[in-house]
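The values are calculated or read from the model by the stated rules, or taken from the named source; none is laboratory data. Quantities reported herein were computed from a predicted structural model and do not represent experimental measurements. Cβ: placed from backbone, ideal geometry, glycine included. Neighbour counts: every protein chain shown.
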Amino acid sequence: MCRDRASIMMDGGPIRVLVVDDSEFFAEVTAETLESEHGFETFARESARDGIEFLRNERIDCIVSDYEMPERNGLEFLETVRETIDEDIPFVLLTGRGDEEVASEAIASGVDDYFLKLDVVEDEEYGRLANRIRSAVSENRAHQKYELLVTTSPDGIAHVASDGTVLTANPALAADAGSEREEIIGSTLPELFGAVGEKRLETGRTVIAENEPERTEDVFEGKHFHNIIVPVDFDSDRDTFQLISRDITERKERERELQRQNERLEKFASVISHDLRNPLEVARGSAELIAQQCDDREAIDRMDRALSRMDRLIDDILTIARQGEAAHQPDAVDLAHLADEAWTNVKTDTARVDITDVGTIEADPSRLQELFENLFCNAVRHGGEDVTVRVGAPDHGAFYVEDDGPGIPDDRRDDVFELGYSTAEEGTGIGLSIVQQIASAHGWDVDITEGSDSGTRFVFSDVTFFG
């Protein structure tokens, strides 16, 4: 085969047409008319042999051929082309004979269309011929593009009959079955995949009967697959369905590892809750007794602040242990509404918040609210009780939270997300680490820039917006 399918698909230039006719006059007139009046790039040859030779060196989108020619007629020419050059090239037959025998033979040979030559010449039906060429080439290019996508897809794809016979398949599906593409055509799904193939075939038959696609998951030879099975109606001779099978083994392994990690973290959180909370409560009770007998208020205040700081540290560590990178439940969330709810949980009397209508995004509502609360508390802690916080969206795909506080020096912006980093005396250095973990769990990037009124702006990008 000399034609490059990818080049056919990507070619944006004029349609290239080869006209083959043993009449030099008709070949030249047809080629010239199609080029000058209909915008094709055309070439004329006067025999099937010359046409074959031309096709070995040139890419052509469509062939227009006479039927009655010496040496080989048009259908014999077509057979040679599809055996040696390209099995899918569009082919339009021109014939001087209007009998049913020629029409039947042409259809059986797979021509895209056929015209009576005299109708084209005498009735100047070149426009109808040109429209048919465009249609045939468009259909072929779409088919070639689909074939290219299927062939190169990492997902296993097969067209399957209702009896389980694999009619077509791509290399990925053959590899899943431990075979080659050519070897599995004609085999059945149960023959290729055993009991898994039986279940896929059963689902395929249900899909055909109900005319509704289905999704399934199964395991074959230790690999996990997610399957999409859809009915196919373009083969009128038999009921068929398409199987699209994606290897999700790595995803399943990540999910299992995440589950194991969450179990370990939950155990760790339980230890913290039990082994640290109890001694802390004992210390707090003792501090209250000491306060009743001691006049050193400064020492008592320091002790109270230390115990309160330990309490906050335990809360933050529990948050990281129990949530961290844990899987989230995405939903459509009104960003402004959720930010407003988060602000009500921030203890402040004089700080202000300015929230613009930034739209609806895909996010886990509870974790996004926690992100806002941590950023708001951070702004109040570092910017003071009279700080102003703003929430907005600079462009589609991103939102920001900023304040007009003292800001973060450029050389410190890479440090603020580190666990334990804080410049505030009362800070635990955990809140912004949680912010980054929540953003990462959503697949967002977070950057720190200067705010519109100095201060600090946290920008979250790669966010999915709706509408």
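With respect to the conditions (1) without any contact (Cβ under 8 Å) to a residue 24 or more places away in the chain; (2) under 30 Å from HIS224 (Cα atoms), ASP296 falls short on a single one, namely (2).
Only residues that are in contact with a strand residue (DSSP E or B) (Cβ under 8 Å, 6 or more places away or on another chain) and not in a helix (DSSP H, G or I) were counted in segment 51-93, giving 17. A single entry from ALA130, ALA106 fulfils the requirement of being more than 28 Å from THR206 (Cβ to Cβ), surrounded by 20 or more Cβ atoms within 10 Å (Cβ to Cβ) and not assigned by TED's automatic domain parsing to the domain that holds LEU192: ALA106. The residue that is nearest to GLU402 (Cα to Cα), among those in segment 449-467 that are touching a Phe, Trp or Tyr at 6+ places or on another chain (Cβ under 7 Å) and in a strand (DSSP E or B), is ARG457. Restricting segment 5-35 to residues that are under 14 Å from ASN140 (Cβ atoms) and assigned to a loop (DSSP other than H, G, I, E, B), the residue that is modelled with the lowest pLDDT is ASP11.
Quick check, is ARG49 in the same structural domain as SER135 (by TED's automatic domain parsing), at pLDDT 90 or above and over 44 Å from the mean Cα position of the chain (by Cα)? Judged against the criteria, ARG49 is a match. Annotation note: of LEU167, LEU173, LEU201, the sole residue that is assigned to a helix (DSSP H, G or I) and either on the phi > 0 side of the Ramachandran plot or over 22 Å from the mean Cα position of the chain (by Cα) (or both) is LEU201.
With GLY407, GLY397 as the choices, which residue is touching an Asp or Glu at 6+ places or on another chain (Cβ under 8 Å), among the small types (Gly, Ala, Ser), free of Cβ contacts under 8 Å to residues at least 60 places away in the same chain and on the phi > 0 side of the Ramachandran plot?
On the way: GLY397 fails: free of Cβ contacts under 8 Å to residues at least 60 places away in the same chain.
Within the list GLY407, GLY397, the selection yields GLY407.
Scanning segment 178-198 for residues that are under 28 Å from the mean Cα position of the chain (by Cα), modelled with pLDDT of 95 or more and not β-branched (Val, Ile, Thr) returns LEU189, PHE193, GLY197.
Working carefully through the options ARG205, ARG215, find the one that is assigned by TED's automatic domain parsing to the domain that holds LEU189, among the basic types (Lys, Arg) and touching a His at 6+ places or on another chain (Cβ under 9 Å). Of ARG205, ARG215, the one residue that is assigned by TED's automatic domain parsing to the domain that holds LEU189, among the basic types (Lys, Arg) and touching a His at 6+ places or on another chain (Cβ under 9 Å) is ARG215.
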